[in-house]
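Inspection log for the structure reproduced underneath, given as structure tokens.
The values are calculated or read from the model by the stated rules, or taken from the named source; none is laboratory data. Predicted model, so just to flag it, every value in this text is computed and none were measured. Cβ sites come from the backbone with ideal geometry, for glycine too, and all protein chains shown count toward neighbours.
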């Protein structure tokens, strides 16, 4: 079958959503399907915003349809006064009107151009990978043009019911919920990434006539990780024990619990450790700095902040770490989230130290690294004890967790396509 994956983000854009598109594409190709990407046009995006190391792993045969330029809300700053006005409008529109998010132009381009792409390329099924969510606004147009076309929607994050992004205005929240129900009514199946997400969707959104809701988790592509490891030499991290955190810090996902665990360790033990933080130089760096101010100077000097690495280099650097750090939110609502970087961590096959509310992410770490590496908030001594096990020597690489391989994780989609 010819399958069109619709997502503003796809390689070479360096985003977690792009990684999911790439892994899903590999599974579809392996199953004998043809794949088309409908995404932002890389030729119209700033070269500095693209990741050539990710582009290098785009499989042969993928047909790419770039239909829009850079979304204004993804730019670090407006280039001129007109753009500043448009950015402000894009920011306020989802807070005043029935728009799921600020990707206004992207939704408009999809309504205008997606039906022609499906028709001209004889696409047999469409999968909308919803990051961003505004693209569900194109579903009525697509369904009107193709009444019998299988249309699947992939929610990487929930829209209504997302505990991190509640609408401050209850009336606006209700309007978005009604819009979401109406738009998803044009789809055949909705995929969510965890069982908790499906439960929350059912509770918040409710049943929609004709719409199946299936769990389809993210995947760890071990074949890709092996290929990257063969193509790139491992970085030399130097002497000592190296802990790695890769990704974005959020107010509810920050590194203070790890820093506090280092603080309770004996000084000679913790001095052998370095915590490498690969994150953005803006919000993440500010949150990290605020956490560092809450611990003693001896801990602060153990932390090294780096900017983001290109995808392949980051994957190779993860493999060089003694252990990887994953901090999730500490409240019950946070059990719904499985951070995308966990799959990158699994691909590196290094032990993962998890701190957060016990949910599906914790369960994944328990099944791969072991229950002793999973901790809730407020148990610094237990976290420190886990870190001290690294003093006995670098742990061996973990076995490839085949239960999270693309062909298994994406089986719900593959089964529907036949």
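Across region 66-87, a minimum of one residue is classified as modelled with pLDDT of 95 or more and outside any loop (DSSP other than H, G, I, E, B). When each of 147, 140, 166 is tested for being farther than 18 Å from residue 206 by Cα and without any contact (Cβ under 8 Å) to a residue 40 or more places away in the chain, the lone residue that passes is 147.
For region 398-418, taking the residues that are touching a helix residue (DSSP H, G or I) at 6+ places or on another chain (Cβ under 8 Å) and not in a helix (DSSP H, G or I), the one that is surrounded by the most Cβ atoms within 10 Å (Cβ to Cβ) is identified as 410. Residues that are buried (at least 16 other Cβ atoms within 10 Å of the Cβ) and out of contact with any helix residue (DSSP H, G or I) (no Cβ under 9 Å at 6 or more places or on another chain) within region 132-151 comprise just one, 143.
Here residue 99 clears all of (1) within 28 Å of residue 175 (Cα to Cα); (2) part of a helix (DSSP H, G or I) except the condition numbered (2).
Kindly indicate whether residue 25 is in contact with a strand residue (DSSP E or B) (Cβ under 7 Å, 6 or more places away or on another chain), surrounded by 14 or more Cβ atoms within 10 Å (Cβ to Cβ), under 29 Å from residue 165 (Cβ atoms) and without any contact (Cβ under 8 Å) to a residue 60 or more places away in the chain. Give the steps one after another, and end with the answer.
Numbers: in contact with a strand residue (DSSP E or B) (Cβ under 7 Å, 6 or more places away or on another chain): yes; surrounded by 14 or more Cβ atoms within 10 Å (Cβ to Cβ): yes; under 29 Å from residue 165 (Cβ atoms): yes; without any contact (Cβ under 8 Å) to a residue 60 or more places away in the chain: yes.
Yes.
Looking for something free of Cβ contacts under 8 Å to residues at least 24 places away in the same chain and out of contact with any helix residue (DSSP H, G or I) (no Cβ under 7 Å at 6 or more places or on another chain) - is there at least one such residue anywhere in region 124-131? The answer is no, given that none of the residues of region 124-131 is free of Cβ contacts under 8 Å to residues at least 24 places away in the same chain and out of contact with any helix residue (DSSP H, G or I) (no Cβ under 7 Å at 6 or more places or on another chain). Are any of the residues in region 243-256 under 30 Å from residue 191 (Cα atoms), touching a residue at least 24 places away in the same chain (Cβ under 8 Å), assigned by TED's automatic domain parsing to the domain that holds residue 330 and in a helix (DSSP H, G or I)? Taking every residue of region 243-256 in turn, none turns out to be under 30 Å from residue 191 (Cα atoms), touching a residue at least 24 places away in the same chain (Cβ under 8 Å), assigned by TED's automatic domain parsing to the domain that holds residue 330 and in a helix (DSSP H, G or I).
Matching residues to (1) under 21 Å from the mean Cα position of the chain (by Cα); (2) surrounded by 15 or more Cβ atoms within 10 Å (Cβ to Cβ); (3) free of Cβ contacts under 8 Å to residues at least 12 places away in the same chain; (4) not assigned by TED's automatic domain parsing to the domain that holds residue 347:
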| site | (1), (2), (3), (4) |
| --- | --- |
| 14 | yes, yes, no, yes |
| 42 | yes, yes, no, yes |
| 46 | no, no, no, yes |
| 63 | no, no, no, yes |
| 77 | no, no, yes, yes |
| 81 | no, no, yes, yes |
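Does residue 113 satisfy the condition of being surrounded by fewer than 15 Cβ atoms within 10 Å (Cβ to Cβ), more than 26 Å from residue 411 (Cα to Cα) and in the same structural domain as residue 93 (by TED's automatic domain parsing)? Answer is no for this residue.
State all residues of region 169-205 that are more than 25 Å from the chain's Cα centre (by Cα) and either assigned to a helix (DSSP H, G or I) or surrounded by fewer than 16 Cβ atoms within 10 Å (Cβ to Cβ) (or both); if no residue qualifies, say none. Residues satisfying the conditions are 169, 170, 171, 172, 174, 175, 178, 182, 185. For region 260-287, filtered to residues that are part of a loop (DSSP other than H, G, I, E, B) and surrounded by 20 or more Cβ atoms within 10 Å (Cβ to Cβ), the residue that is farthest from the chain's Cα centre (by Cα) is 265.
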